[in-house]
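Colleague: First the structure, which I've put down as structure tokens, then a few questions once you've had a look.
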Amino acid sequence: MRKQDLTYWLFLMPVLAALVLVVIAPLLLGVYYSFTDWNGIQTKGFVGFDHYKALFQDKRFLDSLWFTIKFSIVSIILINLIGLSLALLVTAKLKTNKALRTIFFMPNLIGGLILGFIWQFIFTKAFAGFGSLVGIESLKGWLSTPNTGFWGLVILMSWQMSGYIMVIYIAYLEGVSSELIEAAEIDGANAFQRFRHIVFPLVAPAFTVSMFLTLSNTFKLYDQNLSLTGGGPYNSTQMVAMEIFNTAFGRYEMAYGQAKAVIFFIIVAVIALLQVYLSKKREVEM
Amino acid sequence: MKSKWRAGLFAVSLGLAGILTGCSSDEWSTSESKPKGEQVSLDIFQFKVEFKDQFEEVAKAYEKEHENVKINITTVGGGEDYGAALRSKFASGNEPAIYNIGGPQDVEDWKDKLADLSDTAAADVALEGTLDGVTVDGEVLGLPYNQEGYGFIYNKNVFAEAGIDPASIVDYASLETAVKELDSKKGELGLEAVFALPGKEKWVTGLHLSNTFLAPEFDNNVLKAFSAKEVEFQYGEAFKKILDLQNDYSVQPTVSLDYSQQVEELFSLQKVAIIQQGNWVYGSIASIDEEFAQNGIGILPIPVEGYEGDRIPVGIPMYWGVNSNADEAVVKEAKEFLDWLYTSETGKETVVSDFNFIPAYEGYDSTKIADPLSKDVYEYSEKGKTIGWTFMGYPTGWGENELGVEIQRYLSDEASWDDVINTTKKVWGSSR
């Protein structure tokens, strides 16, 4: 048994070493730095919990956190709704199924930065052009107000991620046995009832996966944020990741930025764990 | 079994062969270069993307003249954050021999890693005042790249068509009249608006525009700004007037207008008549309309009401620093390279004609400056009609992340001008 233990650890070594080197060590180092006054070049001394105390008074950080939460909630709902609808559409008996799946998935293959620039063009140029053509004033000046910036980001994110989430739903939808649906049909259930009482509960595990993916993706969003709005106007569309980056690399308050990052990490970890725990529990009950 | 052994042996011998050849080739190269002195490699980490290709050319030419020197150039800049990249470069342990520093804050941050350059020939001929920002206790820690200047870049053709003499614009009142005149003839001149104010680019508003109105307060001295405990906004009203003028007569919405829209789409295609930018936009304009860039553009001053109306801000955007942690031989070669670049005849020639730099050193032939914007800037600086660049002396991030952001708020009608001044004053005070 002992010998087996040794080989077990030996085989695990490469992965373990890599994990420690690139994940665990930097994380611990980061926590350490957050207690110092590191400016990116040198450390002058320890400051204790000063940074943590300061960041709860930091209006900019709290604003960006609030914006991120709002953005995440709206996007998670929209992405899952659209993803599920698309999945239902392409699992229905249509001739263009395969082509549609590819098309819906495509946005996900484009990098976030490029997508941001493409949508920036659409929002500022195409929207304005269309707006002046048909005379809708509200289509002009997109991304120049906090509201349009917010919805711009939501639209961009939904457009990009829905296709990906759709794939997950498709996998589960195709796993629903046709016998069950036929049985329900014979019992006189209409299309909505079949979906609500048969398909929906069976697809529930997919929600856990999708919610987790969308949550972590929207919460940590950076590149789309950077290229679409750049946080503007007046930092009103700045998300936490970007706020942290700007603290660290804009004002060179590396240690303070690190402290924010630690808090951010804790928040994301707690939400993610909580969410997985709750969804799993619900699945078992069904 | 036997075949496995054979495979193993083969692999080992291959590996050994590789190591051996590696050694031998190493020996070969050192023995070859030995007579010409020790091989020194200079790692240069610089930020100016615009002259990357030309700079690499020059480095090659230098290598040819000095066979013992090998120059490796890394360029990080443009849209990327040079300061952040430099920090990561140092943190990685792979320290460059020559790198760029911006102003007093950088000098203070990097002081321990900057060699004294006061014994270089280039430091002797640097234009008066250009070394102020990088001199600490008599030690010169940086050498200026070049001079740059900004102001209102205007479309000469449009001005001529509208019958406005650019030379008549010497104060705020005359500028306002000209702008109103242009605005009233917008249709026939084919303009979308008079200005294009890029509110999204916080450096245009928060650094450049603000500098015009804050520099007089600091006597045009960057060090004075750097040590100032408070900022007064002595010319705050004049600042507001110019900002309002640009905003009111600009293509809307200004908060989301960016650099490429301003320079490439609107100005280069002659949809607007005036933009607030500097000599660096020449390349972008030339790449769209060579003819227009060569003959159709010039710089107007940004008038500061209550101060001077006919000056443009001219300054040193970046300095070369030499890493004092590097080997002595490397430091020596680095100094020699910089001297060669700015004081030798070949170097001077490239600086002006290939880099299109406005030289920050004495002994240059100014008639060789090719582009009209640089020529204008050089003329202003010759006449002494300049305002200093003090924004390098702002608290780190203050210009863009505080003032620039507040100006965006102001442009969106979310804050009054007094709010802008009060908020940013407070932040300046608390960060000093």
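The values are calculated or read from the model by the stated rules, or taken from the named source; none is laboratory data. Computed from a predicted model, the values in this text were never measured in an experiment. Glycine gets a Cβ as well: all are built from the backbone with ideal geometry, and neighbour counts include every protein chain shown. The protein model used for the area step is the full one, side chains on, heavy atoms only, and it has no ligands, DNA or RNA in it. Shrake-Rupley method; radii C 1.70, N 1.55, O 1.52, S 1.80 Å.
Colleague: Too long at a 23 Å Cα-Cα cut-off: which of A:K59/B:K425; B:K240/B:K426; A:K44/B:K89; B:K48/B:K113; A:K125/B:K241? Intermediate results must be reported in sequence, preceding the final value.
Modeller: Values: A:K59/B:K425 17 Å; B:K240/B:K426 18 Å; A:K44/B:K89 20 Å; B:K48/B:K113 21 Å; A:K125/B:K241 30 Å.
Going by Cα-Cα distance, A:K125/B:K241 fall outside the 23 Å limit.
Colleague: Which sequence of B:T120, B:T346, A:T148 reflects their accessible areas, 1.4 Å probe, from the largest down? Each step should come with its number before you reach the end.
Modeller: Numbers: B:T120 5, B:T346 80, A:T148 25 Å².
So, going from the largest accessible area down, we get B:T346, A:T148, B:T120.
Colleague: Taking accessible area as the heavy-atom solvent-accessible surface of the protein chains with a 1.4 Å probe, which residues of the stretch A:192-241 lose no less than 40 Å² upon going from the isolated chain to the full protein assembly?
Modeller: A:Y234
Colleague: I've got another one for you. How high is the relative contact order of the stretch A:49-285, in percent, counting Cα pairs under 8 Å that sit 6 or more residues apart? Could you put the intermediate results ahead of the total?
Modeller: Numbers: 242 pairs, mean separation 69.9, N = 237.
Once divided by the residue count of the stretch A:49-285, the mean separation gives 30 percent.
Colleague: What translational diffusion coefficient, in µm²/s and rounded to a whole number, does the Stokes-Einstein relation yield for the protein assembly as shown at 20 °C and a viscosity of 1.002 mPa s, taking the hydrodynamic radius as the Kirkwood radius over Cα pairs?
Modeller: Values: Rh = 29.6 Å.
Here the translational diffusion coefficient equals 72 µm²/s.
Colleague: Related question: Under the definition of partner shielding as Cβ atoms of other protein chains within 10 Å of a residue Cβ, what is the mean value for peptide B:196-205? Write out the running numbers ahead of the final one.
Modeller: Working: counts 0, 0, 0, 4, 6, 2, 5, 0, 0, 0.
Average neighbour count from other chains, rounded to a whole number: 2.
Colleague: Could you tell me which residue out of B:L338, B:F391, B:S431 lies farthest along the dipole of the protein assembly as shown toward its positive end? Charges go on the beta carbon: Lys and Arg +1, Asp and Glu -1, centred on the Cα centre.
Modeller: B:S431
Colleague: If N is the number of residues in the stretch A:49-285, what value comes out of its Cα radius of gyration divided by 2.2 N^0.38 Å? Intermediate values should be presented prior to the final figure.
Modeller: Details: Rg = 20.9 Å, N = 237, 2.2 N^0.38 = 17.6 Å.
Dividing the Cα radius of gyration by 2.2 N^0.38 Å gives 1.19.
Colleague: Here is a further query. If DNA, RNA and ligands are ignored and the probe is 1.4 Å, what is the ranking of B:E67, B:E333 by accessible area, most exposed first? Don't skip to the end; give the middle numbers.
Modeller: On the way: B:E67 110, B:E333 20 Å².
Heavy-atom accessible area, descending, gives B:E67, B:E333.
Colleague: Order the peptides A:22-28, A:200-206 from the highest to the lowest mean number of other Cβ atoms within 10 Å of their residues.
Modeller: Details: A:22-28: 11.1, A:200-206: 16.9.
Per-residue Cβ counts within 10 Å, averaged per peptide and sorted highest first, yield A:200-206, A:22-28.
Colleague: If you put +1 on each Lys and Arg Cβ and -1 on each Asp and Glu Cβ, how big is the dipole of the protein assembly as shown around its Cα centre, in Debye rounded to 20? Write down the numbers at each step before the final one.
Modeller: Values: 58 positive and 89 negative charges, 850 e Å.
The dipole of the protein assembly as shown has a size of about 4080 debye.
Colleague: Are any of the pairs A:K70/B:K200; B:K52/B:K332; A:K95/A:K220 more than 29 Å apart by Cα-Cα distance, and if so, which? Don't skip to the answer; put the middle values down first.
Modeller: On the way: A:K70/B:K200 23 Å; B:K52/B:K332 24 Å; A:K95/A:K220 38 Å.
From A:K70/B:K200; B:K52/B:K332; A:K95/A:K220, over 29 Å: A:K95/A:K220.
Colleague: Something else: Quick check: at a probe of 1.4 Å, how many percent of the accessible area of the stretch A:33-186 sits on carbon and sulfur atoms? Present the calculation step by step, with values, prior to reporting the outcome.
Modeller: On the way: 5840 of 8410 Å².
Solvent-exposed carbon and sulfur of the stretch A:33-186 make up 70 percent of the total.
Colleague: If you take each beta carbon of peptide B:404-410 and count the beta carbons of other chains within 10 angstrom, what is the mean? List each step's numbers first, then the result.
Modeller: On the way: counts 3, 8, 2, 1, 7, 4, 1.
Taking all residues of B:404-410 together, the mean is 4.
Colleague: Taking all protein chains as present, what is the carbon and sulfur share of the accessible area of chain B, in % to the nearest whole number, probe 1.4 Å? Display every interim value, and only then the final one.
Modeller: On the way: 9120 of 18740 Å².
Ligands and nucleic acids excluded, carbon and sulfur give 49 percent.
Colleague: Hydropathy at least -0.5 by Kyte-Doolittle, axial extent at least 30 angstrom from the Cα trace: which helices of chain A, defined as entire DSSP H runs, fit?
Modeller: The answer, listed by residue number, is A:59-91, A:146-175, A:254-285.
Colleague: Quick one: which bits of the stretch A:14-49 get at least 10 Å² less accessible when the partner protein chains are in, versus the chain alone, with a 1.4 Å probe?
Modeller: Residues losing area: A:N39, A:G40, A:I41, A:Q42.
Colleague: Further question on the same structure: Among the lysines, which have Cα under 21 Å from the Cα of B:K185 when same-chain residues fewer than 8 positions away are ignored?
Modeller: Candidates past the 8-residue exclusion: B:K156, B:K271.
Colleague: Also, quick follow-up: What accessible area per residue comes out for the stretch B:119-208, rounded to a whole number of Å², with a 1.4 Å probe?
Modeller: On the way: 3400 Å² over 90 residues.
Heavy-atom SASA per residue in the stretch B:119-208 reads 38 Å².
Colleague: Let me ask another. Chains A and B: buried accessible surface, both sides, probe 1.4 Å, rounded to 100 Å²? All intermediate terms of the calculation are to be shown ahead of the outcome.
Modeller: Numbers: alone 16990 and 19680 Å², together 34730 Å².
What A and B bury together is about 1900 Å².
Colleague: Quote the convex hull volume per residue of chain B, based on C-alpha atoms, as a whole number of Å³.
Modeller: Working: hull volume 84.0 nm³, N = 432.
About 194 Å³ per residue, rounded to a whole number.
Colleague: For the protein assembly as shown, what proportion of DSSP beta bridges, expressed in % and rounded to the nearest 5, is antiparallel?
Modeller: Roughly 60 percent of the DSSP beta bridges within the protein assembly as shown come out antiparallel.
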